[in-house]
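> First the structure, then my questions, so here it is.
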Protein chains: 2
Amino acid sequence: MVENSNVKTLIWDRKTLKLIDQRKLPFQKVYVECSTFEQVGAAIKDMVVRGAPAIGVTAAYGVALAALQYNNNNDNTDISDFKNYINKSIQFLSSSRPTAVNLFWALDRVKNVLEKHNSISALTEALILEAEKIEKEDVQINYKIGQNALKIFKKEKKLKILTHCNAGALATAGYGTALGVIRSLNSMGLVEKVLVDETRPYLQGARLTAWELEQEKIPYFVITDNMAGYFMSKGEVDVVVVGADRIASNGDAANKIGTFSISVLAKYHKINFYIAAPFSTVDFNTKSGKDIQIEQRPEEEVRQVLGKKIMPDYMPVLNPSFDVTPAKNITSIITEKGVVYPPFKKNLLNTFNSL
Amino acid sequence: MVENSNVKTLIWDRKTLKLIDQRKLPFQKVYVECSTFEQVGAAIKDMVVRGAPAIGVTAAYGVALAALQYNNNNDNTDISDFKNYINKSIQFLSSSRPTAVNLFWALDRVKNVLEKHNSISALTEALILEAEKIEKEDVQINYKIGQNALKIFKKEKKLKILTHCNAGALATAGYGTALGVIRSLNSMGLVEKVLVDETRPYLQGARLTAWELEQEKIPYFVITDNMAGYFMSKGEVDVVVVGADRIASNGDAANKIGTFSISVLAKYHKINFYIAAPFSTVDFNTKSGKDIQIEQRPEEEVRQVLGKKIMPDYMPVLNPSFDVTPAKNITSIITEKGVVYPPFKKNLLNTFNSL
């Protein structure tokens with residue numbers, strides 16, 4: 001029931017990590033094969049794989065690959081040399097993208113493994129197992145998020161849902177967060193249709209979310225990002241559900257650029273605005289949205305669309321990849337540990353402490 | 001001083017109307033030559049020319065071409081036959097696009113000419129002169145709009161301005177409305193920079209506005225439409241200036257899709273939101289925004305970007321080409337007859353009656 005996709009985001013065979021190249025979907029289904037942590041870091045940076053939870057799982061496998069690399073390339077059996085190598089890989093992977101906290105959370109988890117064993121072979125096995133565990137847990141977490149979402153919505157009304165970017169199976173190890181909520185609602189017959197923001201510059205909505213909805217036979221329409229307000233004003237949106245890359249301890253949530261604008265439009269139209277994310281997205285070390293580093297991505301991503309140049313190179317562009325939705329614009333945060341309501345500062349902590 | 005552009009939107013030589021192909025800018029500067037009203041109608045429909053005032057001027061020339069066509073193709077000297085032909089051309093041109101009122105306004109002006117003369121030759125000359133007059137007036141009007149805008153802004157502070165779509169020289173017979181305001185401010189040294197929404201699906205911002213600003217050496221950055229809220233939240237927008245395709249008698253204003261969302265974002269951030277438009281954009285026959293017909297354009301425009309397919313054909317998309325900004329979100333409407341402040345219903349009528 002949790003398995004849903006005929007394309008896996010990532011395939012791990014204890015030798016290599018194959019990542020579906022999300023830059024090429026839906027036109028081509030090709031996998032990028034990584035056998036080194038350096039390749040994994042590049043794949044994250046270049047957005048072969050994207051989506052906060054998927055980045056976390058991928059990075060964990062990156063460290064597992066680093067352990068295998070060490071074993072293949074070294075006769076050295078010095079445990080501290082091994083740990084140095086692993087720490088170097090963690091450092092490298094953590095510099096691949098700055099905004100999604102799941103990357104750092106997953107790398108912290110595998111780092112903790114380093115303290116638990118004293119032989120290279122035991123550590124290698126433990127690092128592999130931890131990455132595999134993170135992957136399995138992620139799918140279960142997403143499924144639980146979807147189930148928890150059902151508590152929010154009345155069962156008698158089919159919903160018109162707006163989503164932004166891709167918080168689907170492709171953004172995770174499977175099932176998805178925001179799209180997991182939509183899958184869950186759809187399984188109960190509660191989805192009338194989904195409006196999908198195309199999500200410039202990278203078109204994760206048009207290419208990935210639309211494609212996932214198509215596979216699931218969930219009714220949808222793709223719109224350009226600037227149409228969301230129009231459809232809200234026409235009564236065509238009952239609810240907004242999006243993912244998150246990092247949630248500050250006060251509930252401010254970073255997500256794909258454009259999410260903040262949608263939250264403002266939803267507030268203006270009195271439409272409920274939900275964040276769906278694994279609880280690991282909550283970063284208690286980040287006080288508020290102001291403290292979240294917003295990644296500025298290459299200009300070239302704005303000047304072109306899937307390789308087609310839309311502006312001459314001399315034209316100056318800006319490319320912030322995320323924005324922060326303030327807690328006051330968020331109706332609730334749907335996590336695997338339950339639905340968290342405002343005041344978020346108190347209730348996120350309560351949820352954390354209660355489990 | 002009014003002349004500003006090294007590319008003319010339209011070139012009329014009393015035989016043909018040449019329209020710069022705005023679908024191909026800024027990569028190619030090619031003109032589409034029209035010698036019949038049917039070609040002019042197709043050019044408007046296919047967006048060779050776009051922008052409410054430019055559409056109005058172009059349609060007027062379309063009727064002038066119809067008169068020339070009649071003279072070239074008929075030995076008939078029956079005046080009522082001639083008038084039927086002209087009326088047929090007016091009807092044809094008026095069906096080219098539904099939202100911009102300037103189209104109907106310009107066609108009404110040339111239609112009125114039909115009552116003023118009783119010979120085919122006099123009418124032909126009069127129709128040509130009326131179209132030429134509309135073109136000349138449009139440039140003067142835009143210049144006046146720019147001058148009137150200077151009354152609004154303090155002279156001591158350079159402004160960070162956000163604009164959407166293209167309300168520039170290319171959207172008019174020259175100088176531009178919203179971009180005319182920016183040109184006017186820039187001539188006084190009052191522009192720090194312009195943020196230009198790329199304006200999907202047709203990219204009028206990225207392709208046309210950015211290109212015009214580049215020619216004028218006015219500092220600018222192109223952003224994707226979903227970034228506007230982010231930059232407002234960062235204090236990077238002091239003021240929003242956009243054009244309009246139709247303004248209802250209560251001040252509700254139709255403009256390119258996405259404008260409404262920006263007005264909501266501006267309100268949220270307490271940023272002034274200005275409409276710049278010739279007074280002919282005000283349609284006193286339209287009571288409110290609800291009565292403005294919103295053009296739904298071909299799906300294919302959303303599924304591709306400058307000919308590059310971004311989604312498979314089977315994916316359903318929506319393509320409303322305009323939205324309506326409610327009067328309450330508009331700080332003031334800058335026209336050639338003065339700056340109109342709320343309450344718009346009263347003050348638009350007062351402005352109309354006072355002149």
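> Please list, by residue number, every one of the trypsin sites (Lys or Arg not before Pro) in the range B:1-80 that is coil in DSSP and has at most 16 other beta-carbon atoms within 10 Å. Display every interim value, and only then the final one.
Working: sites: B:LYS8, B:ARG14, B:LYS15, B:LYS18, B:ARG23, B:LYS24, B:LYS29, B:LYS45, B:ARG50; in loops: B:LYS8, B:ARG14, B:LYS15, B:ARG23, B:LYS24, B:LYS29, B:ARG50.
Counting only loop positions with at most 16 other Cβ atoms within 10 Å, the trypsin sites (Lys or Arg not before Pro) in the range B:1-80 are B:LYS8, B:ARG14, B:LYS15, B:LYS24, B:LYS29.
> By the scheme Lys and Arg +1, Asp and Glu -1, what is the net charge of all other residues having a beta-carbon under 12 Å from that of A:GLN39?
Values: positive: A:LYS18, A:LYS45; negative: A:GLU33, A:GLU38, A:ASP46.
It works out to a net charge of -1.
> Beyond 32 Å between alpha-carbons counts as too far, so tell me which of A:LYS88/B:LYS193; A:LYS8/B:LYS24; A:LYS45/A:LYS133; A:LYS45/A:LYS270 fall in that bin. Don't jump to the answer; show the numbers that get you there.
Working: A:LYS88/B:LYS193 43 Å; A:LYS8/B:LYS24 40 Å; A:LYS45/A:LYS133 23 Å; A:LYS45/A:LYS270 37 Å.
Beyond 32 Å between Cα atoms: A:LYS88/B:LYS193; A:LYS8/B:LYS24; A:LYS45/A:LYS270.
> Per residue of B:49-55, what is the mean number of Cβ atoms on other protein chains within 10 angstrom of that residue's Cβ? Walk me through the numbers before you get to the answer.
On the way: counts 0, 0, 0, 0, 0, 0, 0.
Mean shielding by partner chains, rounded to a whole number: 0.
> May I ask for the net charge around B:PRO326, where only other residues with Cβ less than 14 Å from the Cβ of B:PRO326 are counted and Lys, Arg are +1 while Asp, Glu are -1? Kindly include the intermediate steps, with their values, before the conclusion.
Values: positive: A:LYS234, B:ARG246, B:LYS267, B:LYS287, B:LYS290, B:LYS328, B:LYS345; negative: B:ASP252, B:ASP291, B:ASP323.
Residues close to B:PRO326 contribute a combined charge of +4.
> Further, regarding this structure: Mean Kyte-Doolittle of at least 1.0 plus a Cα span of 18 Å or more along the axis: flag which DSSP H helices in chain B meet both, please. All intermediate terms of the calculation are to be shown ahead of the outcome.
Details: long enough: B:52-73 (31 Å, 0.61); B:79-94 (22 Å, -0.16); B:101-113 (19 Å, 0.38); B:120-149 (43 Å, -0.15).
Taking the DSSP H segments of chain B (at least 18 Å long, mean hydropathy at least 1.0), we get none.
> Let me ask you something else. Given Cβ point charges of +1 (Lys, Arg) and -1 (Asp, Glu) and nothing else, what value in debye, to the nearest 20, does the dipole of the range A:108-158 about its Cα centre take?
On the way: 11 positive and 9 negative charges, 138 e Å.
About 660 debye.
> Provide the three semi-axes, in whole Å and in decreasing order, of the ellipsoid equivalent to chain B as defined by the square roots of 5 times the Cα gyration tensor eigenvalues. Provide the component values of the computation, followed by the final result.
Details: eigenvalues 222, 104, 74 Å².
Equivalent ellipsoid of chain B: 33, 23, 19 Å, largest first.
> Using just the C-alpha positions of the protein assembly as shown as equal point scatterers, what log10 of I(q)/I(0) does the Debye formula give at each q in 0.09 1/Å?
Here log10 of I(q) over I(0) equals -0.80.
> Please list, in order along the range A:241-257, the HN-Hα scalar couplings obtained from phi with the Karplus expression 6.51 cos²θ - 1.76 cosθ + 1.60 (θ = phi - 60°), rounded to whole Hz, x for Gly and Pro.
With the stated coefficients, the range A:241-257 comes to 10, 9, x, 8, 9, 6, 10, 6, 5, 8, x, 4, 10, 7, 8, 3, 3 Hz.
> Compare A:PHE153, A:PHE322, A:PHE260 in a GNM of chain A, Cα atoms joined below 10 Å, and give the one with the largest fluctuation.
Comparing A:PHE153, A:PHE322, A:PHE260 in a Gaussian network model of chain A, the most mobile one is A:PHE153.
> Looking only at other chains, what is the average number of their beta-carbon atoms within 10 angstrom of each beta-carbon in A:21-29?
Working: counts 0, 0, 0, 0, 0, 4, 4, 0, 0.
Taking all residues of A:21-29 together, the mean is 1.
> Normalised radius of gyration for the range B:237-316, please: alpha carbon Rg relative to 2.2 N^0.38 Å, two decimal places. Write down the numbers at each step before the final one.
On the way: Rg = 15.9 Å, N = 80, 2.2 N^0.38 = 11.6 Å.
Compactness ratio reported: 1.37.
> With the label 7 angstrom out along Cα to Cβ, how close does B:GLU115 come to the same site in each of the other copies, in nm, nearest first?
9.0
> OK, next. I need the semi-axes of the equivalent ellipsoid of the range B:10-143: take the C-alpha gyration tensor, multiply each eigenvalue by 5, square-root it, list largest first in whole angstrom. Walk me through the numbers before you get to the answer.
Values: eigenvalues 119, 48, 35 Å².
Computed over the range B:10-143, the values are 24, 15, 13 Å.
> Of B:LYS158/B:LYS287; B:LYS154/B:LYS217; B:LYS136/B:LYS256; B:LYS83/B:LYS337, which sit over 30 Å apart, Cα to Cα?
Working: B:LYS158/B:LYS287 37 Å; B:LYS154/B:LYS217 22 Å; B:LYS136/B:LYS256 25 Å; B:LYS83/B:LYS337 33 Å.
B:LYS158/B:LYS287; B:LYS83/B:LYS337, as the Cα separations exceed 30 Å there.
> Could you work out the equivalent-ellipsoid semi-axes for the range A:197-355, taking the square root of 5 times each eigenvalue of the Cα gyration tensor, largest first, in whole Å?
Calculated on Cα positions only, the semi-axes equal 28, 20, 15 Å.
> In addition: Taking chain A as a Gaussian network, Cα atoms linked when under 10 Å apart, which of A:ASN87, A:ASN73, A:ASN272 shows the biggest mean-square fluctuation?
Judging by the Gaussian network model, the answer is A:ASN73.
> Using a 7 Å offset from the Cα along the Cα-to-Cβ direction at both B:VAL7 and A:HIS269, what is the distance between the two label points in nm, to one decimal?
Those two pseudo-labels are separated by 3.5 nm.
> Right, next: Placing +1 at every Lys and Arg Cβ and -1 at every Asp and Glu Cβ, with all other atoms neutral, what dipole size does the range A:148-353 have around its Cα centre, in debye to the nearest 20?
On the way: 26 positive and 21 negative charges, 148 e Å.
Here the range A:148-353 has a charge dipole of around 720 debye.
> By the scheme Lys and Arg +1, Asp and Glu -1, what is the net charge of all other residues having a beta-carbon under 10 Å from that of B:THR199? Show your work: numbers first, answer last.
Details: positive: B:ARG200, B:ARG207, B:LYS256; negative: B:ASP197, B:GLU198, B:ASP225.
Surrounding charge for B:THR199 is 0.
> Report the Cα centroid-to-centroid distance between the range B:170-235 and the range B:311-355 in angstrom, as an integer.
Cα centroid of the range B:170-235 versus Cα centroid of the range B:311-355: 18 Å apart.
> Between A:MET315, A:MET188, A:MET47, which gets the highest mean-square fluctuation from a Gaussian network model of chain A, Cα cutoff 10 Å?
A:MET315
> Mind listing the long-range amide H neighbours of A:ASP21? Cut-off is under 5 Å, sequence gap 5 or more, other chains count too, H placed in the peptide plane at 1.01 Å from N.
A:VAL30, A:TYR31, A:VAL32
> Averaged over its residues, how many other protein chain Cβ atoms are within 10 Å of peptide A:316-329's Cβ atoms?
Details: counts 8, 10, 9, 5, 6, 1, 1, 7, 2, 1, 1, 0, 0, 1.
Shielding by partners across A:316-329 averages 4.
> Quote the charge dipole size of the protein assembly as shown about the Cα centre in Debye, to the nearest 20; the model charges only the Cβ of Lys and Arg (+1) and of Asp and Glu (-1). Mind showing how you got there, number by number?
Values: 88 positive and 76 negative charges, 328 e Å.
Here the size comes out at about 1580 debye.
> Could I ask something else about it? Can you list residues whose amide H is under 5 Å from A:THR325's amide H, if they're 5+ apart or on another chain and H is modeled 1.01 Å from N?
Counting only residues 5 or more places away or on other chains, the set is A:ALA253, A:ALA254, A:ASN255.
> If you line up the Cα atoms of the range A:117-229 on their principal axes, what length do they span on each, largest first, in Å?
Reported extents, whole Å, longest axis first: 57, 35, 22.
> Explain nothing, just the number: relative contact order of chain B, from Cα pairs under 8 Å at least 6 residues apart, as a whole percent.
Details: 712 pairs, mean separation 56.4, N = 355.
16 percent.
> Using +1 at the C-beta of Lys and Arg and -1 at the C-beta of Asp and Glu, which of A:SER96, A:MET311, A:VAL30 has the Cα lying farthest in the positive direction of the dipole of chain A?
Result: A:MET311.
> How compact is the range B:81-160 by the rule of thumb for globular proteins, expressed as Cα Rg over 2.2 N^0.38 Å?
Values: Rg = 18.1 Å, N = 80, 2.2 N^0.38 = 11.6 Å.
Taking N as the residue count of the range B:81-160, the ratio is 1.55.
> Here's another thing I want to ask about it. Go through the range A:306-315 residue by residue and turn each phi into a ³J(HN,Hα) via Karplus (6.51, -1.76, 1.60, θ = phi - 60°); whole Hz please, and just put x for glycine and proline.
Those phi angles translate into 6, x, 8, 6, 10, 9, x, 4, 6, 7 Hz.
FYI, it's all coordinate maths here, none of it is from the lab. Just so it is clear, the structure is predicted and the values come from calculations on it, not from any experiment. Neighbour counts run over all protein chains shown; Cβ positions are idealised from the backbone, glycine included.
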